[in-house]
Structures are given as C-alpha cells and as structure tokens.
1. All other residues with a Cβ under 14 Å from the Cβ of GLU78 taken together, and with Lys, Arg as +1 and Asp, Glu as -1, what is their net charge?
2. Run the reach check for LYS129 against lysines, Cα to Cα strictly under 27 Å, same-chain hits fewer than 8 apart removed. What comes back?
3. If you take every residue apart from LYS115 with its C-beta less than 12 Å away from the C-beta of LYS115, what net charge results, scoring Lys and Arg +1 and Asp and Glu -1?
4. So which trypsin sites (Lys or Arg not before Pro) in region 42-85 pass both tests, a DSSP loop state and at most 13 other Cβ atoms within 10 Å of the Cβ?
5. Looking at region 24-79, which GluC sites (Glu not before Pro) are in a loop (DSSP not H, G, I, E or B) and have at most 13 other Cβ atoms within 10 Å?
6. Given a 1.4 Å probe, how much area per residue of region 43-82 is accessible, in Å²?
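The values are calculated or read from the model by the stated rules, or taken from the named source; none is laboratory data. Here the structure is a predicted model, which is why all the values come from computation and not from measurement. Every residue, glycine as well, gets a Cβ built from its backbone with ideal geometry; the counts of neighbours run over all protein chains shown. We work out accessible area using only protein heavy atoms, side chains counted, and drop any ligands, DNA or RNA first. Shrake-Rupley method; radii C 1.70, N 1.55, O 1.52, S 1.80 Å.
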Amino acid sequence: MTYDCSILLSRLRIYRRMTILKRYILRLFISLKYITANVVDRNNGRIVATASTVEHSIKNSLECGRSCNAKAATVVGEVLAMRLKVEGLEQGQGRGIHVNVNKEVEKKGFKNRTKIWAIVNALKNNGVKVVLEDNDDDTSRPSF
C-alpha cells in the first residue's frame, strides 16, 4: 500500500494546527477518595499545573472523610487556578484551557458531573480562561 506524500503532509499540518489551537487541556481524575486536576501541554505531553486532594495542604483543609464531594472539587479548582496564575498560564497563552465537559462526564460517570462542573466553575471564577468544547446540549450541567 503506497501513500501520497502530499496527503500525509497535509494531514500532519492539520494535526499540528489542532494541537497548537488546543495546546492546554484540562484532565480530571476522580475516584471515591480523591480528585486530581491536571493541565496538560499537548505539544509535549507534560503536565504544566496540577492540584489534588491527595496533597497534604489540600487534604488537611478539607473534611472529606471517606469520599470527596463538590466542595473538595471546588478547592482543587481554586488551587489549580492559583498555580496556573503563578506559571502565567491562566489565559492559556491567549487560547485558553480547553475542556470537553460532556466527554469528561461520559468518562467519569453521570454521578460525578457536579464535581466536574465545580472544578470548571472554580477555574472560571478565579480568572482562568476556560474554553468549553462540544457543549451543544447542556443536559449534563447541574442546576445550582
């Protein structure tokens, strides 16, 4: 099977353009006990900022008990926002921090949607430019 080099090069250019436009993305890890939020640089795959309820400074300020709730998720979002500001990435170099909330809800389960929205709203409320993707139907968003 032979490939036309021009087709491969055009696909590579499209891929590079997509990664440049969506350079920083929010990745969430939610278990019964812990919540972790990472901002990942898609160009090199490195984590540029992270916050988690595993950290002693966050864990000691919360009363999670055996499970973490939306209040803990809000604290994680606030700490992540502060760390992004220290790194100078609260605007995502002008393009924002991208998050696909529907995909995150689908992956983490419907019961975790409140925690996901708590993190996203905490980032927004603390001055981080958050770009929501694929948010056509707003059925996963809880009404506060």
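1. +3
2. LYS22, LYS59, LYS71, LYS85, LYS103, LYS107, LYS108, LYS111, LYS115
3. Combined, the nearby Lys, Arg, Asp and Glu give +3.
4. Those that pass, being in a loop and sparsely packed, are ARG66.
5. Here the GluC sites (Glu not before Pro) that fit, given the DSSP loop and packing criteria, are GLU63.
6. 59
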